[in-house]
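Trainee: Dropping a structure here in structure tokens format, bear with me for questions.
The values are calculated or read from the model by the stated rules, or taken from the named source; none is laboratory data. All figures in this text were calculated on a predicted structure; none of them were measured in a lab. Glycine gets a Cβ as well: all are built from the backbone with ideal geometry, and neighbour counts include every protein chain shown. Each accessible area value is taken on the protein alone, full model and side chains, heavy atoms only, with ligands, DNA and RNA left out. Shrake-Rupley method; radii C 1.70, N 1.55, O 1.52, S 1.80 Å.
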Amino acid sequence: MKLRKVTAASATIFALALTATACGGDNNSGGDSGSDGGKTITVGIKFDQPGLGQKTPQGYAGFDVDVATYVAKKLGYNEDQIEWKEAKSADRETMLQRGDVDFIAATYSITPERQEKVDFAGPYLLAHQDVLVRADDNSIKSPADLNNKKLCSVTGSTSAQNVKEKLAPKADLQQYPTYSACLSGLQNKAIDALTTDDSILAGYAAQDQFKGKFKLGGFKMTNENYGIGVKKGSDLKADIDKALEEMVADKSWQKAVDENLGPANYKNEPAPKIGDIKS
């Protein structure tokens with residue numbers, strides 16, 4: 001645990017303690033208040049998405065982690081000043097509204113409904129909704145084939161609702177708390193298909209323990225514009241947009257895509273322009 005300077009000051013003399021206390025309001029983490037050597041910035045990511053945001057014994061890894069780390073650096077924070085928090089799909093707006101995090105980079109698709117509650121920088125990746133099925137299942141060749149199939153996605157995600165409302169109204173929707181839980185259900189045949197963004201599915205399918213067991217359907221059912229979520233009205237939005245533009249310009253963005261998603265033969269779209277949201 002880092003010891004703050006106010007602790008040392010208050011231990012010296014009463015006058016210095018009063019001075020330190022007067023400055024104590026500046027010890028809030030990150031974001032709108034700027035940064036210095038003693039502060040941290042709190043960032044929400046997924047903890048269970050291989051290739052995008054994953055907590056491992058060695059730390060945190062994935063494309064979203066690399067993007068968030070790059071952005072935080074441009075905001076004035078070193079990697080060891082980042083406090084990572086798990087941002088589950090159903091909790092993201094609440095975390096931002098409460099100030100639990102300074103920003104969220106967690107496969108966070110920009111939608112009109114979400115824009116009413118939070119602001120978004122970006123987008124920084126254009127993904128497409130797809131399905132993951134068992135490698136030996138040849139019964140799902142189009143989105144319509146999901147009718148009467150058990151379709152899984154996570155609580156709070158837009159993916160399963162997109163299929164249910166627009167493509168396969170008779171799909172038997174199953175909502176699990178995490179994608180990992182959906183994957184287990186797919187493996188043991190409790191469900192027939194897992195739907196979410198192709199980038200996420202590719203990360204799962206590329207894991208060593210799952211190679212050859214699953215396959216992507218190859219359906220580009222929707223456009224998913226990944227943005228970085230911030231609290232409504234936050235000054236961070238403009239700074240993050242600038243950082244994302246710099247990440248693309250210096251080729252760090254493409255490097256991060258290749259290193260994290262390339263092993264799954266993921267064919268990424270070109271880096272989107274800031275504010276260019278594909279419907």
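Trainee: Just one of ARG114, ARG98 is open to solvent by less than 60 Å² (accessible area, probe 1.4 Å) and of a type in the set (D, E, K, R); which is it?
Mentor: ARG114
Trainee: Here's something else I'd like to know. Starting from residues that are on the phi > 0 side of the Ramachandran plot and at pLDDT 95 or above, keep the ones in region 121-170 and report whichever is nearest to the chain's Cα centre (by Cα).
Mentor: Checking each candidate, the answer is GLY122.
Trainee: If you don't mind, there's one more thing I want to ask. For region 47-76, name all the residues that are modelled with pLDDT of 95 or more and of a type in the set (D, E, K, R).
Mentor: LYS55, ASP64, ASP66, LYS73, LYS74
Trainee: Does VAL257 count as over 21 Å from LYS141 (Cβ atoms), touching a Leu at 6+ places or on another chain (Cβ under 6 Å), buried (at least 17 other Cβ atoms within 10 Å of the Cβ) and not acidic (Asp, Glu)?
Mentor: Judged against the criteria, VAL257 is not a match.
Trainee: Identify the single condition in (1) surrounded by 14 or more Cβ atoms within 10 Å (Cβ to Cβ); (2) modelled with pLDDT of 95 or more that GLU79 does not satisfy, given that it satisfies every other one.
Mentor: Evaluating GLU79 over (1) surrounded by 14 or more Cβ atoms within 10 Å (Cβ to Cβ); (2) modelled with pLDDT of 95 or more leaves (1) as the failure.
Trainee: Wholly within region 149-233, which helices (runs of 4 or more DSSP H) include no fewer than the required count, namely at least 2 residues that are of a type in the set (A, V, I, L, M, F, W, C) and surrounded by fewer than 17 Cβ atoms within 10 Å (Cβ to Cβ)?
Mentor: none
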